[in-house]
Amino acid sequence: MTLLLGMVGGLAYKITYEGKPIVLESGLGFEPAFDSGFTFVGSSISDHHGEWTNRLGERKTVPDNYRELNVDLKLDSRQMKSFFVLTTKGRP
């Protein structure tokens, strides 16, 4: 799974899986007009593998696996941290 963050004409993202588009390029909407002039500062990726207990459903133990992308951006003297969570619905 791939997440691309672009800053041409504002902040945008797109998601592909095995080379096929899942989400076409879409703008991130911030108000008021907090969408251009950013400088990319850095990013980090982390994986989470866990589970949680479902007390009411048919499945007692539910996998909780996801990959998180943290993106640091700067606009003038303001810094912004955005995060995106990609899940595989329980698969590792």
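The values are calculated or read from the model by the stated rules, or taken from the named source; none is laboratory data. Keep in mind that what you see is a predicted model, and the values were worked out from it rather than measured. A quick note on method: Cβ atoms are made from the backbone with ideal geometry, for glycine too, and the neighbour counts reach across all protein chains shown.
Descriptive notes on the structure:
- Segment 34-57, residues that are in a loop (DSSP other than H, G, I, E, B) and modelled with pLDDT of 85 or more: N54, R55, L56
- Picking from residues in segment 1-33 that are among the acidic types (D, E) and either modelled with pLDDT of 75 or more or touching a Gly at 6+ places or on another chain (Cβ under 9 Å) (or both), the one that is nearest to K74 (Cα to Cα) is E25.
- The set of residues from segment 77-92 being exposed (fewer than 14 other Cβ atoms within 10 Å of the Cβ) and at pLDDT below 80 comprises F83, V85, T88, K89, G90, R91, P92.
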